[in-house]
Each structure stands twice: as C-alpha cells, then as structure tokens.
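Undergrad: Shown below is the structure under consideration.
The values are calculated or read from the model by the stated rules, or taken from the named source; none is laboratory data. Everything numeric here is computed off the predicted structure, so don't read it as measured data. Cβ atoms come from the backbone with ideal geometry, glycine included; neighbour counts cover every protein chain shown. The protein model used for the area step is the full one, side chains on, heavy atoms only, and it has no ligands, DNA or RNA in it. Shrake-Rupley method; radii C 1.70, N 1.55, O 1.52, S 1.80 Å.
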Amino acid sequence: MYVMRCTQEEGGFSRGELARYGNIELSPSSGVLNYGQGLFEGLKAYRRADGPGYTLFRPEENARRMQHGAGRMCMPSPSVEQFVHAVKQTVLANKRWVPPQGKGALYLRPLLIGSGAILGLAPAPEYTFMIYAAPVGTYFKEGMAAINLLVEEEIHRAMPGGTGGVKTISNYAPVLKAQMDARSKGFADVLYLDSVHKRYVEEASSCNLFVVKGGAVATPATAGTILPGVTRRSIIELARDSGYQVEERLVSIDDLISADEVFCTGTAVGVTPVSTITYQGTRYEFRTGEDTLSKKLYTTLTSIQMGLAEDKKGWTVAVD
C-alpha cells in the first residue's frame, strides 16, 4: 500500500512511499476515530487489451473530488499529480493481483484521514493519505443482471448544507440500516429521497441514478446532497455523444415510476440496469436487455476502460 503523511505546520503533503499491506496504528483520540474526519475514493485498474501494462480511468477526477472534499472537511490533500503518481505506484506494486482481461479489475481505495490526536472538536494536527488495493469482480450479487431497488422514505442519506456532495466516510454508516433492511427483503439496494420534500429521487447507497423516457435521459442534479460520480459524468458525455438529450435536474418520484428505463452508475457498479423499483408497496417494472441504452453505454464505457476501443476523449491513463 502507499502511505504519505503531513502535519498542519507543513501545510501539504510532500513525499510518500510504498509499504507492506497491514494494520495501521492510530491514537485513540485521532480525528478520524472521534470526529469522522476522513474521505475515501474508489477507482479501478484494468489489464490492457493490446499488450502488457494497465489502464486507469480518469484518476485525475478522483484526485479533484478528494481535493474538493478535503476543503469541506478542513483537511489538506495531495495534489492531482501526487494522487495519480501514488495510484500508479500502488498498481505496479500489486500488479500480480490485477485480474485477467474481462474477468474483473484491481480496485484501488485511496483514503485521507485525520490521523493526528485531537481531543477537542477541531481539525486534526496530522493527516495520512494511503492507498490499498484488492481484485474485484461485479459489485452486486446479481452480477451484471438487472437489479431490484426499494425506495426509502424514512431514512435519508443527506440533507441540504451537509456533506452528501463529498465522499466523506461519515456518509456511509448511516445508510447501512436501510440497506440491510432492503437486502433482507430481496432488494439489491435502496433509493433515497430528498430530506425536505420527500419527493425527489437522489441516489442509491453507493451509486448515481439515471432515468430514460423516450429519447430523453435525466439524472438528479448534484446540488450538494448528491455525490458527483466520475462514472456519472462520463455516462452523461457518452449519452450526449449518442444523440440523447441529457438533463441534470430534479427527478421526482413520478418521473421515476413513469420511466421506460432506469439504471445506476458508479465505479463499483459500472452501469447496472434496474429491473424493478418498489415504492409504497407497489412494484414498477422497467425495460432491460440488449436493446437498452444502459447496455449500449455499458459496452461503450467498458470498451474504453479496458482498451478495447479507441479513447478519443483522453480519459485513460497508462500504467507501465
């Protein structure tokens, strides 16, 4: 794993190094343990299709998102160059764990935490940035098959003025109860509504949402309560390139249940079609299969990520 540290006095990260994967030591009064001062990112490395080496997908966007989140959480953060360099080093150090072409990817988890000891409510005096890795296949147990979602009305993922728009660690434990309850009923995940009106769809526990109606595509606007996913942003571009009108706007529950097609996007889930959504006891079905937009976008996206198609947008970064 890759490790880099800095103190408040230093004002920024300087130089990191690779270390054996293993436990880390933290003070009981560290900022991350007591006050949740932490962020994480997620990205994947793929075996290149046209020869030796590996490919990353838009790692600079993950770096910028971490920088944005760090500003919100009163933390220093690595530069884009430091972040991408650290990711590359981690991939090369774990290259034997990168799955074969088409069999999965090496998932990379950058972490930025307040590792310094602080008893009073204040930013930590020291910070640690690290990256570890693990080989992965598909995120949902259904694999690439369409999933079933449940609309959650009582538990909310985020609120206006909160941290829903940044990838802080404190966003995720609060959704576990809703997610586990849904899975016990046979659903793959939960869709959350806005906390003010309880009428507008936001996102699932770990992925963004798209709805398709006719030739129009809509996705909830990222206005502070929704995480601006790297895959989400990429899919918006690819859909527009395919001639679809894509709107980033408020998506009401009525928009959702009347859609022709629904799909989720994210680093972990890729582009996953939604078969059904259950809202207030009624199950609504959506189009899935080979002729859907989600299938077309999935093929286009993964072909770029794995080097099976020309990257005309400059999204991929080679690791040799």
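Undergrad: Got a number for the accessible area of residue 299? Probe 1.4 Å, square angstrom, nearest 10.
TA: 70
Undergrad: Moving on. Hey, in the chain, which Cys have no second cysteine's beta-carbon closer than 4.7 Å?
TA: If one checks each Cβ against the other cysteines of the chain, 6, 74 turn up with nothing under 4.7 Å.
Undergrad: When DSSP assigns beta bridges and you keep just the ones with both residues in the range 192-320, what percent turn out antiparallel, to the nearest 5?
TA: For the range 192-320, the DSSP antiparallel bridge percentage is about 80.
Undergrad: Still on this model: Could you list which residues have their amide H under 5 Å from that of residue 267, counting only those 5 or more apart in sequence or on another chain, with H placed in the peptide plane?
TA: Excluding prolines and chain starts, which carry no amide H, the hits are 231.
Undergrad: Residue by residue, what Karplus-based ³J(HN,Hα) values in Hz, rounded to whole numbers, does the range 164-176 have, using 6.51, -1.76 and 1.60 with θ = phi - 60° and x for Gly and Pro?
TA: x, x, 10, 8, 7, 4, 6, 7, 9, 4, x, 8, 4
Undergrad: Then there is this: If each of residue 159 and residue 20 carries a label point 7 Å out from its Cα toward its Cβ, how far apart are those two points in nm?
TA: Here the answer is 4.6 nm between the modelled labels.
Undergrad: Net charge near residue 108, counting Lys/Arg +1 and Asp/Glu -1 over other residues with Cβ under 11 Å of its Cβ? Please report the intermediate quantities before stating the final value.
TA: Numbers: positive: 44, 88, 109; negative: 41.
That sum, taken over residues with Cβ under 11 Å, equals +2.
Undergrad: Next question. When the chain is fully extended, how far beyond the present Cα-Cα distance does residue 85 get from residue 318, taking 0.36 nm per residue of separation? Write down the numbers at each step before the final one.
TA: Values: separation 233, 0.36 × 233 = 83.88 nm, distance 1.15 nm.
Full extension from residue 85 to residue 318 adds 82.7 nm.
Undergrad: Mind listing the phi-derived Karplus ³J(HN,Hα) values for the range 284-292, rounded to whole Hz, using 6.51, -1.76 and 1.60 with θ = phi - 60°, and x for any glycine or proline?
TA: 10, 9, 10, 6, 9, x, 5, 8, 8
Undergrad: Separate question: Below 17 Å, Cα to Cα, which lysines can residue 88 reach? Residues fewer than 8 away in the same chain don't count.
TA: Partners found: 44.
Undergrad: With every protein chain present, what is the per residue accessible area of the range 147-306 (1.4 Å probe, Å²)? Before the final figure, lay out each step's value.
TA: Details: 6510 Å² over 160 residues.
Spelled out: the 1.4 Å probe surface of the range 147-306, per residue, equals 41 Å².
Undergrad: For the chain, which whole-number percentage of the solvent-accessible area (1.4 Å probe, protein heavy atoms only) is attributable to carbon and sulfur atoms?
TA: Looking at the chain in its full context, I get 50 percent from C and S.
Undergrad: Something else now. List every residue whose amide H lies under 5 Å from the amide H of residue 284, counting only residues 5 or more places away in sequence or on a different chain, with H placed 1.01 Å from N in the peptide plane.
TA: Hits under the 5 Å cutoff: 277, 278, 279.
Undergrad: For the range 2-137, with every protein chain kept in place, what is the accessible area per residue (1.4 Å probe, Å²)?
TA: Normalised by residue count, the accessible surface of the range 2-137 is 49 Å².
Undergrad: Note down the net charge around residue 232, summing +1 for each Lys or Arg and -1 for each Asp or Glu among other residues with Cβ under 11 Å from its Cβ.
TA: Charge balance near residue 232 sits at -3.
Undergrad: For 303, 184, write out the residues from largest to smallest accessible area, computed with a 1.4 angstrom probe and no ligands counted.
TA: Result, largest first: 184, 303.
Undergrad: Sequence neighbours fewer than 8 away in the same chain don't count; with that in mind, list the lysines whose C-alpha is under 19 Å from residue 213.
TA: Within reach: 295, 296.
Undergrad: Taking every DSSP beta bridge that has both residues in the range 149-260, what percent is antiparallel when rounded to the nearest 5?
TA: Of those bridges, close to 45 percent are antiparallel.
Undergrad: List every residue whose amide H lies under 5 Å from the amide H of residue 43, counting only residues 5 or more places away in sequence or on a different chain, with H placed 1.01 Å from N in the peptide plane.
TA: Residues meeting the amide H criterion: 108.
Undergrad: Further, regarding this structure: Within 10 Å, Cβ to Cβ, of residue 313, how many net charges do the neighbouring residues add up to if Lys/Arg are +1 and Asp/Glu are -1?
TA: Net charge around residue 313: -2.
Undergrad: Full extension from residue 185 to residue 119: what is 0.36 nm times the residue separation minus their Cα-Cα distance, to one decimal in nm?
TA: Fully extending the segment from residue 185 to residue 119 adds 19.6 nm.
Undergrad: Quick check on the chain: of the DSSP beta bridges with both residues there, what percent are antiparallel, nearest 5%?
TA: 80
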